[in-house]
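Quick notes on the structure that follows.
The values are calculated or read from the model by the stated rules, or taken from the named source; none is laboratory data. Only a predicted model underlies this, so the values are computations on that prediction, with no experimental measurement involved. Glycine gets a Cβ as well: all are built from the backbone with ideal geometry, and neighbour counts include every protein chain shown.
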Amino acid sequence: MSLALRPARKGERLGLWARVLRLNWALLLLVAAIAAVGFLMLFSVAGGSLEPWARPQMLRFAVGFAGLLIVAMIDIRFWKAVSPLVYAGALALVAAVEFVGVTGMGAQRWIALGPIRLQPSEVMKVALVLALAAYYAWLPPEKVSRPFWLLPPLILILTPMALVLMQPDLGTAILLAAGGAGVMFLAGVSLWYFAAGAAGAAGLVSLVFASRGTEWQLLKDYQFRRIETFLDPSQDPLGAGYHITQSTIALGSGGFSGRGFMEGTQSRLNFLPEKHTDFIFTTLAEEFGFIGAGSLLALYALVLVFGFASMASNRDRFGSLLTGGLTLTFFLYFAVNVGMVVGLMPVVGVPLPLVSYGGSAMLVLLFAFGLIQSAHIHRRS
Amino acid sequence: MSRFSFRKDASRPGAPPRISRRGALLLGAQAAVMGALFWRLKALQIDSADEYLLMAEENRINVRLLPPARGEIFDRKGRPLALNRQNYRVVLVREQAGDVEAVLDELARLIDIPPHQRSRALREIRSKSAFVPVTVAENLDWETFARVNANAPALPGVTPEVGLSRHYPEGEKLGHVLGYVARFAEIDKDREDADDPLFQIPDFHIGKNGVERALEPVLRGSAGASRIEVNAVGRVIREIDRKPGAPGADIGLTIDLDLQRYALRRMEGESAATVVMEIESGDILALASTPGFDPNKFVTGISQAEWTTLLEDEYRPLANKAVSGQYPPGSTFKMIVALAALEAGVAGPGETVFCNGGYKLGDRIFHCWKRGGHGHVNLKESIKSSCDVYFYEMARRVGVDRVSEMAVRFGLGPAPALEMTAVRDGIAPTRAWKLARHGESWQLGDTLNVGIGQGYVLSSPLQLAVMTARLGGDGRMVAPRLVRTVGGRPAPAPEPAPLGVSAAHLRLVREGMFAVSSEPGGTAWRSRIADEAMLMAGKTGTSQVRRITMAERARGVTRNEDLPWNRRDHALFVAFAPWEQPRYAIATVVEHGGGGSRAAAPIARDIMMRALYGGEPPLRAYPPEERREIEERREQERLTPDDAAETPRNRA
């Protein structure tokens, strides 16, 4: 083994070539492979054309991938040092969206930065993990479960959650909470707190529902109806229910080996909603069947495994927590998206990571993978 | 420390602990979720694949949208203005038809398919998916429909259907007010409600104009759905369940159909507009603009030739002049100038101005319409005889900004809200407005022009009616409304705010208006209502549409009759009645009609009388000199009952 492949010692500075050699090549290839699946599907849903989706998506990926490599080359200690700034910046963006944001596609809010339409809540998902990882890397391990030291991370999580809820975007708020809770879990916060948190949330939900029809009703009637549709889309057969029905048919009709590339009737005939964004997994499953859909899921699973391996082998607490938290965020993205498309979860607007058409999520995810690579390159063992 | 918290690595004291145990737990949870996703994929794609493949192949539309019945529209007395009619039509599905041209030829032997309809259907068939039904012919009578039905086996892909289509029984009498519905088209994709699932229905009609457009959300209702099972050739096997949609709400308009019909008939042959308002409630009783167009033609799709004819008519039948026409209000604006001067305290009620036929400003002379001048005139006389010099003087004293402020209070600035489309704002110019709009500073000459309702001032007939209703009312900013009931419930009517004008000043101006049309010598004396109980107060206006050139000025004013039609003056008349207890306000504009007293006042008077008497007015309501002629005409009509003969057509 050459010198370059040995783990770095504390305080050691690596040369550029050494850093390139220490890249986590498996993860890098997986990211590119998943994105390539996305290009193929975008080409297919456009009826066999690079326009209007595949070409811009490839361009964006190229730019984002270059960004990933640059982020990876930068010392993880730099990212640790700037994590409070990144968090503050993201929080400012999320707050700014309240004032200058543009409503588009339901509740999602965008902010225009020149030609790019940025969704600050996407940035926040990564920034939150960064901030929490830095906090727990700084906090002496024996203090992790003391009630007082739980307050800062809770504030870090609840502030952006509250802002996102005001937009209102319940789905993203829940994902933020799950991502944040994941980092706290990895940092070793006592399980009793998680049990108490879960019990409290369940209690709050049942209290809200119990209040319905009484004098102290906590939500408006229409809000209750919205929640009902959220929980049971079949109550709204023309909106979300219609989409799920058509999506299920498309999936099922793909069968084991699929109907063939660009042969999916459900996709071709526009039965599928949002076929190039949130529902792109359906097209894949219709055209390439269980083999295609299962393979993509396997690629995702491999990302999780390599992410876990990188986390477990890293003695740098910040890098390790960061890798774990970002891998979890990535998992939440695709689990919620696939869960929605196969009808296991309510319809929420979450893209399929690295595959769905869209700039914001793609760039943020590639940045996140850049951070994971940086943590991997500058790991200690 | 809990035993679940992380493990100290005993082998290397002081080194940060690994977090692999918690990580492993989390990975396990993720693996469980992945397992669930795989299990679900397997269930869908392997276990039930055949079932779903069948659904995808044969059950292509398994949720069928049921279009709601559109809300119907009625007048204030419940007479129908827009209805849904059973529409027998024939649709064609490309993938079942095979050779579309051949099937169409076969079909054309049974029913009449005009060439433009055929080419439109072919275009639509080509642009849509193969399985989407496209309407080939509609509005068939029952016999034709039955013939297609009987021959259906010989016509692959052709299905006879019964749907609802919009029908406007009054035709062009309410075309401008109601607007029309038409197919949801490409350009409608920008609408705020374009994601309504109803728009997936081929042939779904939406409001494009007028009340149909403005009240679209109320009229449309929401879609129902029926889940149906169909076999491989698309035949419905059974309906699994059905969720009825909500029909759109019926609308009761404030329009009085009788009055609307009469107003249109009375203005026939002119390019004109009239708005009649009930002063107390703000109800629009008539909103008429001539010539009109038949909205029914737009529902099925208008032919290119008809469309071109409508577009090229110089009388602009497609424009609703009552709300979108912008005219200099001319002398009908003088009440506003008078009120502004009175309120500002720069004019006294008895104070007189001497008119010698012109008003000198620097080296320019602003003429009064009466060349010889009016002599000494006070406020009331100046309105009665419409003396321009008096108002040049008052406008100069009070200044344009205060005149404009008064105009806005009377509804002449921004247009009042109305459940319509194409309602345009008027212009109540100020100094700041001219600087912003034209980049020039305000001149005193501009102020004088505004004083007689010329120059930059522009108003629509609707705005003039609102102004008159506020002049005739009890000092409140009565707002116009077009909708009385929605879904059988009365539409909310907000309490109007006070005008903030002194009642004494308002009375002075009204007395001037009374003199115009109810005292000998008033400019509208010839078009008075003679019935003591129904006396009318009004104001004539004649507004120039062109600048008078220096050459013309030197020659003397050119007679209107000598000009081409589109350069003649607009004729205006506004009025309220009865004098004692004003109930109705009216504003009439006759485009290029000439003088207001000659062209607009007689029309407005006749329409006003219809409103006052709720039908044909008694003879005693007419001035004695007219009665003979009226009587003779009525006699003639009884012999030849033809509605159109009642009014003389006086287009020059």
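Summary of values
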| read-out | value |
| --- | --- |
| Residues located in the range A:194-216, provided they are within 18 Å of A:LEU128 (Cβ to Cβ) and within 14 Å of chain B (Cβ to nearest Cβ) | A:PHE194 |
| Answer from A:LEU365, A:LEU354, A:LEU371 - the residue that is within 23 Å of A:LEU69 (Cβ to Cβ), modelled with pLDDT of 95 or more and out of contact with any His (no Cβ under 8 Å at 6 or more places or on another chain) | A:LEU371 |
| Among the residues listed as B:ALA150, B:ALA121, B:ALA137, B:ALA185, the single one being small (Gly, Ala, Ser), loosely packed, with under 13 Cβ neighbours inside 10 Å and within 24 Å of B:ALA305 (Cα to Cα) | B:ALA185 |
| Tally of residues being surrounded by fewer than 17 Cβ atoms within 10 Å (Cβ to Cβ), of a type in the set (Val, Ile, Thr) and outside any loop (DSSP other than H, G, I, E, B) across the range B:64-113 | 0 |
| Which listed residue, of A:PHE318, A:PHE306, is touching a residue at least 24 places away in the same chain (Cβ under 8 Å), within 24 Å of A:TYR87 (Cα to Cα) and aromatic (Phe, Trp, Tyr) | A:PHE318 |
| Options B:ASP446, B:ASP388: the member that is buried (at least 22 other Cβ atoms within 10 Å of the Cβ), over 20 Å from B:VAL323 (Cα atoms) and of a type in the set (Asp, Glu) | B:ASP388 |
| Residue within the range A:343-365 that is under 18 Å from B:ALA36 (Cβ atoms) and in a helix (DSSP H, G or I) present | no |
| Only listed residue being modelled with pLDDT of 75 or more and facing another protein chain (nearest Cβ under 8 Å), chosen from B:LEU65, B:LEU81, B:LEU26 | B:LEU26 |
| Single residue of the range B:264-315 satisfying the filter (in a strand (DSSP E or B) and among the charged types (D, E, K, R)) that is surrounded by the fewest Cβ atoms within 10 Å (Cβ to Cβ) | B:GLU278 |
| Tally of residues being in contact with a Phe, Trp or Tyr (Cβ under 9 Å, 6 or more places away or on another chain), within 25 Å of A:ILE155 (Cβ to Cβ) and small (Gly, Ala, Ser) across the range A:64-96 | 1 |
| Residue list for the range A:314-331, restricted to those being more than 10 Å from chain B (Cβ to nearest Cβ) and more than 22 Å from A:THR172 (Cβ to Cβ) | A:GLY319 |
| Those residues of the range B:316-351 which are in contact with an Asp or Glu (Cβ under 9 Å, 6 or more places away or on another chain), more than 30 Å from B:LYS297 (Cα to Cα), in contact (Cβ under 8 Å) with a residue 60 or more places away in the chain and not in a helix (DSSP H, G or I), in sequence order | none |
| Of the criteria (1) at pLDDT below 90; (2) closer than 19 Å to B:ASN84 by Cβ; (3) out of contact with any Leu (no Cβ under 9 Å at 6 or more places or on another chain); (4) not in a loop (DSSP other than H, G, I, E, B), which one B:GLY252 fails | (1) |
| When residues of the range A:269-283 are limited to those that are modelled with pLDDT of 85 or more and among the β-branched types (Val, Ile, Thr), the one nearest to A:ALA54 (Cα to Cα) | A:ILE280 |
| Residue selected from the range A:140-159 under the condition buried (at least 17 other Cβ atoms within 10 Å of the Cβ) and hydrophobic (A, V, I, L, M, F, W, C), by the criterion farthest from the other protein chains (Cβ to nearest Cβ) | A:LEU156 |
| Tally of residues being within 10 Å of chain B (Cβ to nearest Cβ) and within 17 Å of B:ALA29 (Cβ to Cβ) across the range A:296-308 | 7 |
| Qualifying residue in the range A:273-287 (condition: touching an Asp or Glu at 6+ places or on another chain (Cβ under 9 Å), within 14 Å of another protein chain (Cβ to nearest Cβ), of a type outside the set (Asp, Glu) and in a helix (DSSP H, G or I)) | no |
| Check on B:PRO496, assigned by TED's automatic domain parsing to the domain that holds B:TRP369, within 22 Å of B:ALA286 (Cβ to Cβ) and at pLDDT 95 or above | no |
| Conditions (1) within 21 Å of the chain's Cα centre (by Cα); (2) crowded, with 16+ Cβ neighbours inside 10 Å: number failed by A:ALA162 | (2) |
| Identity of the residue in the range B:137-173, part of a strand (DSSP E or B) and of a type in the set (S, T, N, Q), that ends up nearest to B:ALA273 (Cα to Cα) | B:SER165 |
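Results for (1) in a helix (DSSP H, G or I); (2) modelled with pLDDT of 90 or more; (3) under 18 Å from A:VAL94 (Cα atoms), shown as yes or no for each residue.
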| position | (1), (2), (3) |
| --- | --- |
| A:SER145 | no, no, no |
| A:LEU150 | yes, yes, no |
| A:LEU156 | yes, yes, yes |
| A:THR159 | yes, yes, yes |
| A:VAL164 | yes, no, yes |
| A:ALA177 | yes, yes, yes |
| A:PHE185 | yes, yes, no |
| A:ALA195 | yes, yes, no |
